[in-house]
Amino acid sequence: MNKLVPAAALAAALLSAGCSREQPAEAAPLHITKAGPPAAATAPAPAPAVNDTYADLMRAVFGTLYRPAKGNALADMTDPDDRRQRLRMVVTGVGSTRLPTGQTVLAVNAEMTDQDGEPQSAHSSAGLLSLYLLDNQDGTWQVRRRHENVASLGSFGQLGEIKWVHLTKDKVGLAVLHGGTWQGQTITLLALFDPTAEKVADLVSESIAVYSSNDGACGPSTDTCWEAEAQWHFEPGGAAYDDLVLTITGYEDIAKNPAVEPENPDETVERVRKSLNANARYVYDGKHYQLRDGKNTIPGI
């Protein structure tokens, strides 16, 4: 299932896509030196850095702005609302992979900060996606291309779940499963990106829903209750990117007499079940993925 977990677990979903930032790094080995006069005092050991899988890549991109003790960088990033401006943000590595070109792509999540340089995100705050392409030459990482804040996705300042996919046999892309939970209703949307594009942008013109449910808001007297999800994959097509194919399963329970309001909110209303099973095929038209065949029956919220 490509289900996005409730907002309280969004951060855990992100960690599952990449690294753990909770375990301290191993202490550096002790170096033996010649004996000398005793020191007047022993300097305190530095605080251990978190175990950040993307530390080397993050240092290559952000230099001294990278904070090893926190596993993130405090950097000025492009304002997504006014790209002429830059804003101070907390930036965290969330995924990387080696491309068929031989370069490595690093995906990062940025969020706004408070005056102390710490993340400041509310439920409605999206995460900001940036992609960086790097080469490793003689053991040193070099940044070749920067695509800052190309999309605002997710909630609580987090993008959601990321997956590396094959947009074609020889082209690796980034899929982001984003969305959130609001008032008991959960939705997951799919965004797609080609890190090697000259100008990186979401390849999906309109949001493609791959999961939806109002389980948290479905009471005995609720008129409509539903849950639907899509299994999705790519199939070769005639466009620059392969076709995106969805197989949807789910249901929608609709009150038999919605005009009759129950006297007691705990009264169970009679509902009729409607199948939401369907298939949908999205085809890249040269600019975006567009629905060509079938229907996406996953309800919006």
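Candidates in the stretch 129-188 are the residues that are under 26 Å from residue 283 (Cα atoms) and of a type in the set (Asp, Glu); of these, the one that is most open to solvent (accessible area, probe 1.4 Å) is 170. The number of residues in the stretch 202-214 being at pLDDT 95 or above and open to solvent by 20 Å² or more (accessible area, probe 1.4 Å) comes to 1. Of all residues in the stretch 60-74, those that are touching a residue at least 12 places away in the same chain (Cβ under 8 Å) and among the aliphatic types (A, V, I, L, M) have Cβ atoms under 7 Å from Cβ atoms of residues that are open to solvent by less than 40 Å² (accessible area, probe 1.4 Å) and not in a strand (DSSP E or B), 6 or more apart or on another chain, in 69/49; 73/58; 73/62; 74/117. If I go through the stretch 221-243 residue by residue, how many of them are in contact with an Asp or Glu (Cβ under 8 Å, 6 or more places away or on another chain) and either outside any loop (DSSP other than H, G, I, E, B) or under 18 Å from residue 286 (Cβ atoms) (or both)? Final tally of qualifying residues: 13. Among the residues of the stretch 283-295, is there at least one that is under 21 Å from residue 175 (Cα atoms), among the charged types (D, E, K, R) and buried (at least 17 other Cβ atoms within 10 Å of the Cβ)? No; the residues of the stretch 283-295 include none that is under 21 Å from residue 175 (Cα atoms), among the charged types (D, E, K, R) and buried (at least 17 other Cβ atoms within 10 Å of the Cβ). When you look at residue 173, is it within 28 Å of residue 232 (Cα to Cα), in contact with an Asp or Glu (Cβ under 6 Å, 6 or more places away or on another chain) and modelled with pLDDT under 95, yes or no? No; evaluated as a whole, the condition is false for this residue. Looking only at residues of the stretch 108-136 that are polar (S, T, N, Q) and out of contact with any Leu (no Cβ under 6 Å at 6 or more places or on another chain), we find that the one that is farthest from residue 160 (Cα to Cα) is 136. What do you reckon, is residue 213 in contact with a Ser or Thr (Cβ under 6 Å, 6 or more places away or on another chain) and hydroxyl-bearing (Ser, Thr, Tyr)? In short, yes.
Does the stretch 251-272 include one or more residues that are assigned to a loop (DSSP other than H, G, I, E, B), open to solvent by less than 40 Å² (accessible area, probe 1.4 Å) and modelled with pLDDT under 95? Yes; the residues of the stretch 251-272 include at least one that is assigned to a loop (DSSP other than H, G, I, E, B), open to solvent by less than 40 Å² (accessible area, probe 1.4 Å) and modelled with pLDDT under 95.
The values are calculated or read from the model by the stated rules, or taken from the named source; none is laboratory data. Everything numeric here is computed off the predicted structure, so don't read it as measured data. Every residue, glycine as well, gets a Cβ built from its backbone with ideal geometry; the counts of neighbours run over all protein chains shown. We work out accessible area using only protein heavy atoms, side chains counted, and drop any ligands, DNA or RNA first. Shrake-Rupley method; radii C 1.70, N 1.55, O 1.52, S 1.80 Å.
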